Amino acid sequence: MFQPTYPIRTARLTLRPVTIDDLDDVYAFQRRPDVVRWMLGAEPRTREQSRVSVLAMAGEDAWRAEGDCLTVAVVTDAGVIGIVELVWRSRLERTAELGFVFHPDHCGRGLATEAATAVLDWGFTEFGLHRVYGRCHCRNTPSARLMARLGMRQEARHVESYLFKGEWADQLVFAILAREWPAGTSTSHGGMRR
Ligand SMILES: CC(C)(COP(=O)(O)OP(=O)(O)OC[C@H]1O[C@@H](n2cnc3c(N)ncnc32)[C@H](O)[C@@H]1OP(=O)(O)O)[C@@H](O)C(=O)NCCC(=O)NCCS
């Protein structure tokens, strides 16, 4: 089993596993059309759908096998303001995929960048990933800008590669390698637990 030593602390944030007590905070952003607008397959959630989602995320506290998702709640004095996830896509190639969703009330302050940096830092510095990639709809400008801010390069634009709400959509692919990652910049977490 691989997991960060929780909580991960950054200058402004605490990152820790999701719990069912986070339901109100998570529902507050999962219910919003503007949050799910560019997310594949995502519709604004009902409270019951959020409860199912939070219960699933609560089990995603570690990587136990290839394919697992590590999900952390991003916490401030205002509660859970977003989530960051890292999916273990390949054991052999030491590759993971990054994802993030934040409440719009807390966007525009660099908090998503700060949280994602901490998670990437664990992935590269503690776990030993080789490569992390992220994907987004070509019109999801905040997501693309966030990945660029993290130092990820745009490696592809897959033209009309998937159906999004019934229409062909272009998907952007961003990635960063371990040797490109500035080590140990943001967090005060300890080592990895196996
Ligand atoms: C993607 C998402 C997390 C980005 O949020 P964000 O607020 O733009 O990202 P950050 O918190 O890193 O803030 C960055 C913004 O704050 C500004 N900022 C202010 N202070 C900052 C600081 N100290 N450090 C970095 N940026 C700062 C930046 O300039 C940037 O604004 P800009 O893009 O207009 O230049 C958010 O839009 C979201 O949750 N979207 C909905 C879900 C979604 O689509 N997820 C991705 C699916 S692929």
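Annotations for the structure displayed:
- Cα-projected label distance for Ala78 with His130, points at 7 Å along beta-carbon direction, nm: 4.0 nm
- Comparing segment 82-175 with the 2.2 N^0.38 Å rule of thumb, its C-alpha radius of gyration ratio is 1.10 (two decimals).
- Multiplying the residue separation of Arg32 and Arg64 by 0.36 nm and subtracting their alpha-carbon distance yields 8.3 nm.
- Mean shadow area of the chain, taken as a quarter of the surface of its Cα convex hull (nm²): 10.4 nm²
- Spacing of the two label points (7 Å from each Cα toward its C-beta) at His158 and Asp105, in nm: 3.6 nm
- Label zone at Asp170, where the point sits 7 Å out along the Cα-to-Cβ direction: segment 124-160 residues whose backbone N lies under 14 Å: 136-141, 144, 154-160
- When the chain is treated as a GNM with alpha-carbon contacts under 10 Å, the residue of Trp181, Trp168, Trp63 showing the greatest mean-square fluctuation is Trp168.
- The modelled label-to-label distance for the pair Arg47/Arg179, using points 7 Å beyond Cα in the direction of Cβ, is 5.3 nm.
- Segment 128-159-segment 20-68 distance, computed between alpha-carbon centres (Å): 21 Å
- Note on the chain: antiparallel DSSP beta bridges, both residues inside, total approximately 95 percent of the bridges counted.
Just so you know, all these numbers are worked out from the coordinates, no wet-lab data involved. For clarity, every value in this text was computed on a predicted model and none was experimentally measured. All Cβ positions, glycine included, derive from the backbone under ideal geometry; neighbour counts span all protein chains shown.
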